[in-house]
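The values are calculated or read from the model by the stated rules, or taken from the named source; none is laboratory data. Keep in mind it's a predicted model, so treat the numbers as computed, not measured. Because the Cβ atoms are built from the backbone with ideal geometry, glycine has one as well, and the counts that use them run over all protein chains shown. The accessibility values were calculated without ligands, DNA or RNA, using every heavy atom of the protein model including side chains. Shrake-Rupley method; radii C 1.70, N 1.55, O 1.52, S 1.80 Å.
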Number of protein chains: 2
Amino acid sequence: MAANISKNMKAVGLFKYLPISDINSLMDLEVSVPVPKQSEVLIEVKATAINPIDTKLRAPKPLIEKEPRILGFDGAGIITAVGEAVKKFKVDDQVFFTADIRRNGTNAQYVALEEIHVAQKPKNLSFEEAAAMPLTSVTAYESLIDRLSITEKDKGKSILIINSGGGAGSVACQLANLLGLKVIGTASRPESMKFSKENGAHIVLNHTQNLVEQLQENKISEVDFILVNYDPYNYWDSLMTLIKPQGKICLVVDSSGLVDLKPLKAKSITLVSEMMFTRIVYNTDDKCRHTEILEEVSKMLDNGKLKSTLTKVIAPINAVNIREAHRLIEENKTVGKIVLSGFK
Amino acid sequence: MAANISKNMKAVGLFKYLPISDINSLMDLEVSVPVPKQSEVLIEVKATAINPIDTKLRAPKPLIEKEPRILGFDGAGIITAVGEAVKKFKVDDQVFFTADIRRNGTNAQYVALEEIHVAQKPKNLSFEEAAAMPLTSVTAYESLIDRLSITEKDKGKSILIINSGGGAGSVACQLANLLGLKVIGTASRPESMKFSKENGAHIVLNHTQNLVEQLQENKISEVDFILVNYDPYNYWDSLMTLIKPQGKICLVVDSSGLVDLKPLKAKSITLVSEMMFTRIVYNTDDKCRHTEILEEVSKMLDNGKLKSTLTKVIAPINAVNIREAHRLIEENKTVGKIVLSGFK
């Protein structure tokens, strides 16, 4: 531990799981600075993004925490201490990272993380622009490349991205476009439709209306791939109609209800789920792929192949502002990514 | 059309969809010999296998057919006529084949089929041994190679094959074994357990009892792949528990009830459905893969890498005997494959 770090830090956390309108749903706290273990780095958080996973974890439930639960699962900052076994990083490195869902997160002045979560920050991006990207980029990259197995050979094929204006959806639009796919997004507001097109969607449908009919109006009856960034329960029949024989559907979001698998069979359809935390939480043999993807994303952001999906910065990082970010996500009022910047 | 073929033929078919105990559920008929079109071959059926798809199509329902519906979707026989555009076959070729689910099938003295359904019969096999294999081999091959994407790199990984004693299950045991996987089958009767082991299963569990506990008794907590040859509805929780993170499950049989997709997400699981008829029915760009697999299976049967899963021959081919075969399948009394042999 570097000598100049105080023992306590500011953080935003919770003891009770309450509706976001309750001022105790997320509170300003003073807690101990975490101590990095052997293979961990300690990062001073400069900016942190809020994702739907934060609101899902914070959702009202009877559980009461003994120690404060600090949310926040991606961010950008500066390394301030390294454990003895750390190989890739040194103090003062500027980094961006996904945090560990099993422990306290980035809504705090400091976070301790295993190296596997961390990559060098894209040099050309601000901390805020960088903080917007890790969780959604790894999710979108894994979805397209690792789950849907899209390769060079799929150039010219089509993908429907349900909810293309959100965090993961907008990165997926960029990546699918780079992969040479015909990209059909869906959104419901003028600003999210516009944002989808700015991120590479060739066509944007309105997902509050019939998707099958809208695609037919665009002379498209079926697509090769579907990426679902919103509860698939209400879209299930459309997904089954729109997917090509032997096509693949990736679910980034759970279905809120039970579904009928029968329509998958006639067309020999693949349905795959994507959870960015799987490799790390289950300690899979290929868990280093997480870092590789983060490093690749960093390069792509630096060389301009990918651009940050940051749309809104709120400062400083405190309970009032993080509650506001949660509220915007819960009310589906966001486009791209909201980032909280700096502690006062 | 060769001159020596009469205009009429014996067949077994139905007009009404009745329980198999009803003598009108499958009846002896005399119908016209089909005329092969340009790219079709006419095959004299020497032997035909009965599969669960036959019983599913024949299942009681209110529909009444104007023309008799003739079931039977794989078989072996001799080419007796070829359309003008046929390239791969000539009269007197001995062949085995999957039939076309959209038209009349092989429970008849002659069947007309597009070339894509047909391959040279394995020379070392009898018509009966050959007739047992096409539908289940293509299903098992597609399941393991095309749907679960198992390759050389997966050698040493594990697969759970639910209902390993049936037609597709027993071929899948052989193929999975050849691919170097650790093969865990499931069955419920001593004869189906024995048959699973003869076909390459290293361990055979009883699928009427708790699969998770039985696997734990064998010091296995999770498997890399699962192939489901029986209604997954009652196994759903076990499948979700037993599959490894990022593992893949292939469903050859539909779920009889709605399922909860949520458990797929934490482990980023792939769920894929397999229907042997998909490529042909939907006329996919890769539909020739059907023939390629059938030709590969023919070679593997000839060189002894695969062995026929024929277990029971019933002769001759008539309504009484086909009804008996349907009854055995509907009552889960079969092991491997039942083949009907020869018309009197």
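β-branched (Val, Ile, Thr), within 20 Å of residue A:339 (Cα to Cα) and within 14 Å of another protein chain (Cβ to nearest Cβ): is that true of residue A:138 in this structure?
Here the answer is yes, as residue A:138 does meet what is asked.
Within the range A:294-303, is even one residue assigned to a loop (DSSP other than H, G, I, E, B), touching a residue at least 60 places away in the same chain (Cβ under 8 Å) and out of contact with any Pro (no Cβ under 9 Å at 6 or more places or on another chain)?
Start the filter on the range A:294-303 by keeping residues that are assigned to a loop (DSSP other than H, G, I, E, B), which leaves A:303.
So of that shortlist, the ones also touching a residue at least 60 places away in the same chain (Cβ under 8 Å) come out as none.
No, the range A:294-303 contains no residue that is assigned to a loop (DSSP other than H, G, I, E, B), touching a residue at least 60 places away in the same chain (Cβ under 8 Å) and out of contact with any Pro (no Cβ under 9 Å at 6 or more places or on another chain).
Scan the range B:302-327 for residues that are within 16 Å of the chain's Cα centre (by Cα) and open to solvent by less than 20 Å² (accessible area, probe 1.4 Å) and report the count.
Within the range B:302-327, residues that are within 16 Å of the chain's Cα centre (by Cα) and open to solvent by less than 20 Å² (accessible area, probe 1.4 Å) number 4.
In the range B:109-148, which residues are under 17 Å from residue B:44 (Cα atoms) and of a type in the set (S, T, N, Q)?
Those that are under 17 Å from residue B:44 (Cα atoms) and of a type in the set (S, T, N, Q): B:109, B:120, B:126.
Considering only residues that are open to solvent by less than 10 Å² (accessible area, probe 1.4 Å) and assigned to a loop (DSSP other than H, G, I, E, B), which ones fall in the range B:115-172?
B:122, B:132, B:133, B:148, B:150, B:164, B:165
Would you mention how many residues in the range A:71-109 are part of a loop (DSSP other than H, G, I, E, B), touching a Phe, Trp or Tyr at 6+ places or on another chain (Cβ under 9 Å), farther than 21 Å from residue A:125 by Cα and open to solvent by less than 50 Å² (accessible area, probe 1.4 Å)?
Going through the range A:71-109 one residue at a time, the tally reaches 3.
List the pairs whose first member sits in the range B:5-23 and is without any contact (Cβ under 8 Å) to a residue 60 or more places away in the chain, whose second member is surrounded by 15 or more Cβ atoms within 10 Å (Cβ to Cβ) and of a type in the set (Gly, Ala, Ser), and whose Cβ atoms are under 8 Å apart, counting only residues at least 6 apart or on separate chains?
Correct list of pairs: B:14/B:25; B:16/B:25; B:17/B:25; B:18/B:25; B:19/B:25.
In this structure, is residue B:299 out of contact with any Asp or Glu (no Cβ under 8 Å at 6 or more places or on another chain), within 30 Å of residue A:281 (Cα to Cα) and surrounded by fewer than 22 Cβ atoms within 10 Å (Cβ to Cβ)?
no
Of all residues in the range B:248-275, which are open to solvent by less than 10 Å² (accessible area, probe 1.4 Å) and either more than 7 Å from chain A (Cβ to nearest Cβ) or outside any loop (DSSP other than H, G, I, E, B) (or both)?
Within the range B:248-275, B:249, B:250, B:251, B:259, B:264, B:271, B:272, B:273 qualify.
Name every residue in the range A:306-329 that is in contact with a Ser or Thr (Cβ under 6 Å, 6 or more places away or on another chain) and not in a strand (DSSP E or B), in order of residue number.
A:309, A:315, A:326, A:328, A:329
Residues to consider are A:244, A:182; find the one that is out of contact with any helix residue (DSSP H, G or I) (no Cβ under 7 Å at 6 or more places or on another chain), at pLDDT 95 or above, away from chain B (no Cβ under 14 Å) and more than 18 Å from residue B:263 (Cα to Cα).
When all the criteria are applied, what remains is A:182.
Kindly establish whether residue B:179 is open to solvent by 10 Å² or more (accessible area, probe 1.4 Å), touching an Asp or Glu at 6+ places or on another chain (Cβ under 9 Å) and aliphatic (A, V, I, L, M).
yes
Can you tell me which of (1) of a type in the set (Gly, Ala, Ser); (2) in a loop (DSSP other than H, G, I, E, B); (3) surrounded by fewer than 24 Cβ atoms within 10 Å (Cβ to Cβ) is the one residue A:112 doesn't meet?
(2)
Within the range B:225-247, which residues are surrounded by fewer than 22 Cβ atoms within 10 Å (Cβ to Cβ) and farther than 28 Å from residue A:279 by Cα?
B:230, B:231, B:234
For the range B:276-289, what are the residues that are surrounded by 23 or more Cβ atoms within 10 Å (Cβ to Cβ) and either facing chain A (nearest Cβ under 7 Å) or assigned to a helix (DSSP H, G or I) (or both)?
B:279
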